[in-house]
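Worksheet: the structure to be examined is printed underneath.
No lab work stands behind these numbers, since they all come straight from the coordinates. Because the structure is a prediction, the values reported are computed rather than measured. Heads up, the Cβs are rebuilt from the backbone with ideal geometry, glycines too, and the neighbour counts pull from every protein chain shown.
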Amino acid sequence: MPPPLPTASPASITLERVTKRFPGGVVAVDKIDLIVEPGEFFSLLGPSGCGKTTTLRMIAGFEAADEGRVVVGGRDLTHVPVHHRDMGMVFQSYALFPHRTVAENVAFGLRMRGVARPEMAARVASALAQVKLEGYEARRPAELSGGQQQRVALARAIVIRPPVLLCDEPLGALDRKLRQAMQVELKELQRALGVTLVFVTHDQEEALAMSDRIGVMNSGRLEQVGAPADIYDRPRTRFVAEFIGEINLIEGRVHDGGFIAADGRVLPVSSEKGEGAAALALRPEKLRIVSSGAGVIDGVLSDASFLGDQVLYTVTLADGRRLLVKERNPGTGALRQNGSTLGVRWEPRDAVILRNA
Amino acid sequence: MRGRRASLGQRAYLVANGAILFFLLAPLAVVAVFALNPTPFIQFPPVGVTTRWFEKFFASAEFMGSLRLSLEVAAAVVVLATLIGAAAALALARGGLPGTRFLTALFLAPLMLPAILTGLALFQALQLAGFGRPTWALVVGHTLVAVPYVMRTTLAVLSDFDRRIEEAAASLGAPPLRVFFEVTLPIIRPGVIAGSIFAFIVSFDQFPISLFLVTPSRETLPVVLFNYMKFDLDGAIAAASMVSILLALAVVIVIDRLVGLRATMRF
Ligand SMILES: Nc1ncnc2c1ncn2[C@@H]1O[C@H](COP(=O)(O)OP(=O)(O)OP(=O)(O)O)[C@@H](O)[C@H]1O
Ligand SMILES: [Mg+2]
């Protein structure tokens, strides 16, 4: 890899009760509070329409916040127009200048800043090297593949050495293989540049794999902010638990430091304070299948799907509810038999209690 | 099987296109033959080749004066219609104005209205206002019917314009005016230029509106041709037609060369 472009020092981003309403009564973003640390890879994750793009666009300055403040690097940018914000932006649609060559596209931001020609040429070359696009300088966007266009968009954004880089589903239009390769590259590039990166995606695997921290959004609100492992292992709301990965939810209540399921059964959890209605959340890979009677609950194995590295079993309980259990593929080619009666158990510390709001 | 069927389809396609081209170009051929044939009436097959009709056309002060006027008016119309049409298209597509659909229909209305009505209305308005029939009235009349063409072609380009491209430019530090001149304008240019070429042709060829706005001492080429035809129908008419076709073609080529229609159409 060529030596990284020196960056202006990465900036923190602070959102204070930022709100955006669209005509027609949609509250796209609802009083969001968020602090992104300098140099952090931060992902905004959530289902379609939850307000990720709108949040990003308010940071970039394309949308004005109806309430709240946007502070970047200690500077209040709430009322600063886009072209004075000095941020790199990468769009899902690439948004390259179709009438300009690759080199001209990348040089654009430098030209706006009045950078002298020799320095401009050096920085364009260096940025193109960073995204592995040497030799494409004279091409036009229409003559590039989707992946190459996205690299140009990335080079165009980083060449101005922004303290903050904003990406809205930048890999969304790429096929799976290429997307995974680009995930690794983008992460490496972000580290090398040390830039603060806000990354919007609705792909949870992408967010889990790339981020230092993730903010999970739902209907305009931030449900939970935390490290990927935190979000996955310790979801704080039902929405987060169900949105990320697969999960079993058992309704019941917290009583006397334990958890009592709706059917009256006391289920193993690490000790829990308080009282009240709640759900027990269990990841399928935290459950273990044991012989009948040796587990917490008995059930009948009703389905097995082979996932390659793992096997996903469905265990149907006496009351008709189902539990998903994931086991490592034993590699012997033999799956458990449908219809067999068996027990399911888990470690108390793997059970997460979600309080009803 | 599939290959044969495809080639059959291809052949039908070629035949259909050939027929359309023939249909469009045959009148040109007739005019060309007429213009070069020495007899003063339409005759087929032609009996020879002569340049006498072209000489007659170029020697006529009346023809030359009207050709000059037509070109001057068309030049002014191209500039005005392009500015107004492109600006109006931008405002309609971008302005977020209330009643955008109504305004679009209003601007495009001269396309639907028979030009002869537009001409009559203009004539009456000018009379009422006591302006008579000044040359600028010709320019105004032609511009009125030329603007919708520029708007149409510009709106077409704007309708699939990805506005993120402009946002990208802004995020890279370009203030609004620079975004417009460095990004928006180059991208919509092919539509604007196509519209300005239409504007030229609409004005240069304009007859019904001109009819109401010319004075006997100051007529445009189509009006002069029409009047000439009422009394003599000789090869000079055909020669004049050939000249105006070639002139229109030349203008299209010059505009193309100057502002590079093809180069900007490439993406
Ligand atoms: N310009 C707009 N005018 C009106 N409503 C809008 C506008 N932009 C977004 N919205 C609405 O605001 C809400 C949030 O939209 P946003 O684009 O931020 O969602 P998102 O999380 O990025 O979704 P996706 O994953 O589909 O891109 C949606 O309900 C959307 O319909
Ligand atoms: Mg979005």
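Rounded, prolate or oblate: which fits chain B, taking a ≥ b ≥ c as square roots of the Cα gyration tensor eigenvalues, rounded meaning a/c under 1.5, else prolate when a/b beats b/c?
Taking the square roots of the gyration eigenvalues as a ≥ b ≥ c, chain B is oblate.
Along the charge dipole of segment A:233-357, pointing to its positive end and built from +1/-1 on Cβ of Lys, Arg, Asp and Glu, which listed residue (A:Ala304, A:His255, A:Ala334) has its Cα farthest out?
Result: A:His255.
For chain B, set up a Gaussian network in which alpha carbons nearer than 10 Å are linked by springs, and say which option among B:Val150, B:Val78, B:Val251 fluctuates the most.
Highest fluctuation among the options: B:Val251.
To test your reading of the geometry: what angle, between 0 and 90 degrees and rounded to tens, separates the Cα axis of helix A:102-112 from the longest principal axis of chain A?
70 degrees
Using the count of nearby Cβ atoms within 10 Å as a rough guide to exposure, how do A:Val216, B:Val214 rank from fewest to most? Display every interim value, and only then the final one.
Working: A:Val216 26, B:Val214 21.
Ascending number of Cβ neighbours within 10 Å: B:Val214, A:Val216.
So what's the back-of-envelope 222 nm ellipticity for chain B, counting only DSSP H runs of four-plus at -39500 (n - 2.57) apiece and dividing by all residues, rounded to 500? Write out the running numbers ahead of the final one.
Details: 13 runs with 209 residues, N = 267.
Calculated from helices alone, the mean residue ellipticity at 222 nm is -26000 deg cm²/dmol.
Select from B:Ala194, B:Ala91, B:Ala26 the residue whose mean-square fluctuation is largest in a Gaussian network model of chain B (Cα-Cα springs shorter than 10 Å).
Of B:Ala194, B:Ala91, B:Ala26, the Gaussian network model singles out B:Ala26 as fluctuating most.
Suppose every K and R has +1 on its Cβ and every D and E has -1 on its Cβ; what is the size of the dipole of chain A about the Cα centre, in Debye to the nearest 20?
On the way: 44 positive and 42 negative charges, 143 e Å.
With Lys and Arg at +1 and Asp and Glu at -1, about 680 debye.
When the helices in chain A are scored as -39500 (n - 2.57) per DSSP H run of 4 or longer and the sum is shared across all residues, what 222 nm value do you end up with, to the nearest 500 deg cm²/dmol? Don't skip to the answer; put the middle values down first.
Numbers: 8 runs with 84 residues, N = 357.
Helix-only estimate at 222 nm: -7000 deg cm²/dmol.
Please state the shape class of segment A:13-238: rounded when a/c is under 1.5, otherwise prolate if a/b exceeds b/c and oblate if not, all from the C-alpha gyration tensor. Working shown, then result.
Details: a/c = 1.88, a/b = 1.45, b/c = 1.29.
Note, shape of segment A:13-238 comes out prolate.
Under a Cβ-Cβ cut-off of 15 Å, what is the net charge of the residues other than A:Gly257 that fall near it, where Lys and Arg count +1 and Asp and Glu count -1? Mind dumping the intermediate values first?
Numbers: positive: A:Arg253, A:Lys273, A:Arg349, A:Arg355; negative: A:Asp256, A:Glu272, A:Glu275.
Taking every other residue near A:Gly257 into account, the sum is +1.
With a ≥ b ≥ c taken as the square roots of the eigenvalues of the C-alpha gyration tensor of segment A:124-210, please select rounded if a/c is under 1.5 and otherwise prolate if a/b is larger than b/c or oblate if it is not? Before the final figure, lay out the partial values.
On the way: a/c = 1.93, a/b = 1.23, b/c = 1.57.
Note, shape of segment A:124-210 comes out oblate.
Can you compute the FRET efficiency between A:Ser270 and A:Ala318 using 1/(1 + (r/R0)^6), with r the Cβ-Cβ distance and R0 = 25 Å? Round to the nearest 0.05. Write down the numbers at each step before the final one.
On the way: r = 26 Å, r/R0 = 1.04.
Once rounded, the FRET efficiency stands at 0.45.
Within chain B, which is the longest segment that contains none of the trypsin sites (Lys or Arg not before Pro) sitting in a DSSP loop with at most 16 other Cβ atoms within 10 Å? Numbers along the way, then the final one.
Details: sites that count: B:Arg163, B:Arg266.
Excluding the exposed sites themselves, the longest stretch runs over B:1-162.
Set the Förster distance to 51 Å, then compute FRET efficiency between A:Arg328 and B:Glu72 from the Cβ-Cβ distance, nearest 0.05. Working shown, then result.
Details: r = 86 Å, r/R0 = 1.68.
Here the calculated transfer efficiency is 0.05.
Mind checking the mean number of beta-carbon atoms from other chains within 10 Å of the Cβ atoms in A:78-85?
Working: counts 0, 0, 0, 3, 10, 10, 3, 3.
Mean inter-chain Cβ contacts per residue within 10 Å come to 4.
Can you give the angle from 0 to 90° between the axis of helix B:100-112 and the longest principal axis of chain B, with both taken from C-alpha atoms, to the nearest 10?
That works out to roughly 10 degrees.
Where nothing but the Cβ of Lys and Arg (+1) and of Asp and Glu (-1) is charged, how large is the charge dipole of segment B:56-204 around its Cα centre, in debye to the nearest 20? Could you put the intermediate results ahead of the total?
Values: 10 positive and 7 negative charges, 31 e Å.
It works out to roughly 140 debye.
So for the pair A:Asp212, A:Ser145, with labels modelled 7 Å out along Cα→Cβ, what separation do we get in nm?
Here the modelled spin labels are 3.2 nm apart.
Compute the distance in nm between two label points, each set 7 Å from the Cα along the Cα-to-Cβ direction, one at B:Tyr13 and one at A:Thr237.
Inter-label distance under the simple model: 5.5 nm.
For chain B, find the longest principal axis of its Cα atoms and tell me its angle to the long axis of helix B:115-129, 0 to 90°, nearest 10.
Long axis of B:115-129 versus the principal axis of chain B: about 80 degrees.
How compact is segment B:82-154 by the rule of thumb for globular proteins, expressed as Cα Rg over 2.2 N^0.38 Å? Please report the intermediate quantities before stating the final value.
Working: Rg = 13.7 Å, N = 73, 2.2 N^0.38 = 11.2 Å.
That ratio works out to 1.22.
Of B:Tyr228, B:Tyr149, B:Tyr13, which is the most mobile in a GNM of chain B whose springs link Cα atoms less than 10 angstrom apart?
Judging by the Gaussian network model, the answer is B:Tyr13.
At B:Val49 and A:Arg113, where each label point lies 7 Å from the Cα along Cα→Cβ, what is the point-to-point distance in nanometres?
Here the answer is 6.6 nm between the modelled labels.
Can you count the Lys pairs in the protein assembly as shown whose Cα atoms are under 30 Å apart, with each pair 8 or more apart or on different chains?
The result is 20.
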